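Report on one structure; see the data block that follows.
What follows is calculated from the coordinates using simple rules that are stated; it is not laboratory data. Only a predicted model underlies this, so the values are computations on that prediction, with no experimental measurement involved. Positions of Cβ are generated from backbone atoms using ideal geometry, with glycine treated the same way; all protein chains shown enter the neighbour counts.
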Amino acid sequence: PSTHNAHSLDLPPCGTCMVDQGPSAGAQGHAKRPHTDGKVYYSYLDVHHTVAAMVDRLRDFAPDVIVAIGGGGFIPARILRTHLRIPIVAISVQLYNDATDSLLNEVACLQWVEERALKGKRVLLVDEVDDTRTTLQYCVSAMLAAGSAGPEALAVAVMHNKLKAKRAALPRHILYVAGAEVPDAWNCYPWDAERYGHTIEEHEELARQGSGQADTSLQFVRAWQWWLRWAKGSGVGLGPGIQQGSWKGFVTGAVL
Ligand code: 5GP
């Protein structure tokens, strides 16, 4: 994972940013290829591994409580809780309108936490993806605005940090950990499978294809179907021809 004091990596320094560009920590993770629709699909296994990759760095911070930013931060936060063994509290803020799939002009706060849940605590703020950084900036600013009634220390953990120029920034003293640095594409997460018109099985298969690992059982079925079609179409009977064709069919079907 990359750990730095919050700015996107491998980009020129941002003039409006409050923080320096951090060192490149080589957190590219397992690079995923975008699907033909331009989106990048992540499986539950990808999510689990990428979140787990942050644990050691986060243990060093020794958080007392996780604040999960809903809805995308909930599952990463829950995975972290198993490792860190600290409570989760939830907040809900929105920058995207799910109903219209469009960007809102400003962050809308749907739910916040009671002051006493954070006062004097070491707080770990968790979200699934840092895109423009607007959401993180909103949450961090609101927590810091509480002053002595707020957290003693604050860190941010995101599963994915998109490598792009950010619209917002985080203060220098905030520890920032990303599970992986990813290209600036739309990421599809497994809990959203139906939102993109897929069953969870289809989603997981798209995620596997993006990793260059097509499902081998699916390849076997495809190869078998190809062979049946070939054998039927060519009208061959049992004999040396079909023997030859069967291997050709399996290999061709698996590649297709
Ligand atoms: P930001 O405020 O950094 O622009 O956006 C953060 C929020 O926007 C995330 O918590 C997430 O809900 C949503 N978001 C931004 N980019 C993506 C993406 O690529 N995929 C998904 N599923 N949500 C995204």
Notebook entry, point to check: Volume per residue, Å³, of the convex hull around the alpha-carbon atoms of the range 77-151?
Noted result: 100 Å³
Check: Which far-off residues, 5 or more places away or on another chain, put their amide H under 5 Å from the one on LEU170, with H placed in the peptide plane?
Finding: MET18, VAL19
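Could you work out the Kirkwood radius for the range 100-210, taking every pair of different alpha carbons, averaging 1/r and inverting it, reported in Å? All intermediate terms of the calculation are to be shown ahead of the outcome.
Values: mean 1/r = 0.0626 Å⁻¹.
One over the average 1/r among Cα pairs gives 16.0 Å for the range 100-210.
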Item checked: Per-residue ³J(HN,Hα) for the range 77-91, Karplus 6.51 cos²θ - 1.76 cosθ + 1.60, θ = phi - 60°, Hz, x for Gly and Pro -> 5, 5, 5, 5, 4, 4, 7, 8, 6, 10, x, 10, 10, 10, 10
Note to self: Need the full-extension length gain, GLN111 to ASP37, defined as separation in residues times 0.36 nm minus the C-alpha distance. One decimal, nm.
What the structure shows: 23.3 nm
Item checked: Zero-based 10 Å bins, Cα pair distances in the range 48-115, whole percents -> 19, 43, 28, 10, 0
Item checked: Residue-wise HN-Hα coupling along the range 201-210, computed from phi with Karplus coefficients 6.51, -1.76, 1.60 (Hz; x: Gly, Pro) -> 5, 5, 4, 4, 5, 4, 5, 5, 4, x
Note to self: Skipping prolines and chain starts, which residues have an amide H placed within reach, meaning under 5 Å, of the one on VAL123, given they are 5 or more residues away or on another chain?
What the structure shows: ASP64, GLU152, ALA153, LEU154, ALA155
Item checked: Amide proton proximity set for ASP130, modelled H, under 5 Å, gap of 5+ -> HIS160, ASN161, LYS162
Note to self: Rg and Dmax in Å for the range 2-210, alpha carbons only: what are they?
What the structure shows: 16.4, 50
Item checked: Packing-based ranking, highest mean first, of 175-184, 60-69 given that Cβ atoms within 10 Å are counted -> 175-184, 60-69
Item checked: Sites ARG122 and LEU95 - FRET efficiency at Förster radius 22 Å, r taken between beta-carbons, to 0.05 -> 0.25
Next item on the list: Return the lysines within reach of LYS162: Cα separation strictly under 23 angstrom, same-chain partners fewer than 8 residues apart disregarded; answer none if there are no such residues.
Entry: LYS32, LYS39
Margin query: Which residue, ALA168, GLY147, LEU103, has the largest displacement toward the positive end of the dipole of the range 2-210 when charges sit on each Cβ (Lys, Arg +1; Asp, Glu -1)?
Written below: GLY147
Note to self: Just to verify a number: FRET efficiency for ASP60 and TRP224, C-beta to C-beta distance, R0 = 35 Å, to 0.05?
What the structure shows: 0.10
